[in-house]
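**Q** Got a structure here, written out as structure tokens. Questions coming.
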Amino acid sequence: MIENYRKVQINYDQLDTISLPNGEPIVLTVNWNEVKYEFLIRKKDHSSNLLIFGAGAMFDQIGLPYFQRHSWMYDLEDSTIYYNDPTLYLSNLPAAWGQGTWDRFYLKDIADILTKLIAKVGVSPKQVLLYGSSGGGFMSLILGGFIRESSVLVDCPQTCLIRWIEDYVKQVFNISYPSLSVQDVMQAFPERIDVMKFYNQIKYVPKIYYLQNAACEFDVTNHLLPFLSELQFMEPGCVVNKVIVDLYYDKQPGPDFLPALGGHGALGKYETINYINQIKPK
């Protein structure tokens, strides 16, 4: 389906002059210093909000760019932007959390481009809602810090990568930070790895609506509870916006190698859209 959308390629320095079509989805590729950043965009002129979607792990080899939930844009009344993580081009990875390379944090670049696209859509950051689950939730939490005044909706996100599944994390670190151990990466790039360390660095916590399946023991223990605990000890001078946690319960079996991961995932399409419509700026 994605191959049927019109393709537009530009260089980064052309972003300020591009005009986005109304109603027609386009796949925009922004070439920036030998990295291609890809976005699926559907601008709707009479929409007062912009929804930005990040993707979780891609276990089916459907090809890149990967725009998880892209078919939802036809069920949403707002403008939408989906972004692909260019880190996925560096190796055969299911997820990469926007890590990029040693000298380049791809999520920061994505935030920079999204800031320009937000203006092109014709909304303010206050009218932006970032959504993602699992790894897409991690990226949404980080982007919400870069894009000030936006809001974030996440479902079962990772909040610190070194508390996620070790083998998956090592795969990414070996590609993005070759020759460094996990501990070395955490020491060198804490703000790329741990959401709360990032927020402390920028002295800002965005508006967050945090959905969590309470049946997923691994998520609750390793991500939700440490996140909430660390919120209590933010450094002086940090602006902390409202953080709302909403628990649901959906018991599911976990994988054999980690039964406590049972229930990790996200709510279904229509439940999620219902949350989006409740939470998005009015």
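**Q** Sorted from fewest to most neighbouring beta carbons within 10 Å, what does the list 58, 234, 1, 139 look like?
**A** 1, 234, 58, 139
**Q** Rounded to the nearest 0.05, what FRET efficiency do residue 257 and residue 104 give with R0 = 41 Å and r taken as the Cβ-Cβ distance? Could you check? Before the final figure, lay out the partial values.
**A** Details: r = 33 Å, r/R0 = 0.79.
The formula returns an efficiency of 0.80 here.
**Q** Sticking with this one: Could you check the spin-label model distance between residue 24 and residue 247? Points 7 Å from the Cα along Cα→Cβ, value in nm.
**A** 5.0 nm
**Q** What's the FRET efficiency of residue 239 with residue 278 using the Cβ-Cβ distance as r and R₀ = 22 Å, to the nearest 0.05? It would help to have the intermediate numbers written out before the result.
**A** Values: r = 24 Å, r/R0 = 1.10.
The computed FRET efficiency comes out at 0.35.
**Q** What does a probe at residue 46 reach in segment 112-131, counting residues whose amide N is under 20 Å from the point 7 Å along Cα→Cβ?
**A** Those under the cut-off are 121-124.
**Q** Could you give me the ³J(HN,Hα) list for segment 265-282, computed from phi with Karplus coefficients 6.51, -1.76, 1.60 and θ = phi - 60°, whole Hz, x at Gly and Pro?
**A** Per-residue couplings from phi come out as x, 6, 5, x, 4, 6, 5, 5, 4, 4, 5, 4, 5, 6, 8, 4, x, 8 Hz.
**Q** On a C-alpha basis, how far is the centre of segment 14-77 from the centre of segment 229-282 in Å? Whole number, if you could?
**A** 23 Å
**Q** Quick one: net charge of residue 81's neighbours, Cβ under 13 Å, K/R +1, D/E -1?
**A** +4
**Q** Looking at [x] 129; [y] 112; [z] 140, which value of volume of the Cα convex hull per residue in Å³ comes from a calculation on the structure shown?
**A** Label of the calculated value: [x].
**Q** Enumerate the calculated ³J(HN,Hα) couplings along segment 114-127 in order (Karplus 6.51 cos²θ - 1.76 cosθ + 1.60, θ = phi - 60°), each rounded to whole Hz, writing x wherever the residue is Gly or Pro.
**A** Result, ordered by residue: 4, 4, 5, 5, 4, 5, 5, 5, x, 10, 8, x, 5, 9 Hz.
**Q** For the chain, calculate the relative contact order in percent as a whole number, restricting contacts to Cα pairs under 8 Å that are 6 or more residues apart.
**A** It rounds to 15 percent for the chain.
**Q** Turning to a different aspect of this structure: What does the charge dipole of the chain about its Cα centre add up to, to the nearest 20 debye, if the Cβ of each Lys and Arg holds +1 and the Cβ of each Asp and Glu holds -1?
**A** The calculated dipole for the chain is roughly 700 debye.
**Q** Using a Gaussian network model on the chain with a 10 Å cutoff between Cα atoms, which of 199, 12, 209 fluctuates the most?
**A** Judging by the Gaussian network model, the answer is 12.
**Q** Using θ = phi - 60° and the Karplus relation 6.51 cos²θ - 1.76 cosθ + 1.60, list the HN-Hα couplings for segment 155-160 in order, rounded to whole Hz, with x at every Gly or Pro.
**A** 10, 6, x, 7, 10, 8
**Q** Please compute the modelled spin-label separation between residue 126 and residue 33, points set 7 Å along Cα→Cβ, answer in nm with one decimal.
**A** 3.3 nm
All of the numbers you see were taken from the coordinates with simple rules; none came from a lab. All of these numbers come straight from a predicted model, not from anything done at the bench. Methodologically, a virtual Cβ is constructed for each residue, glycine included, from the backbone with ideal geometry; neighbour enumeration extends over all protein chains shown.
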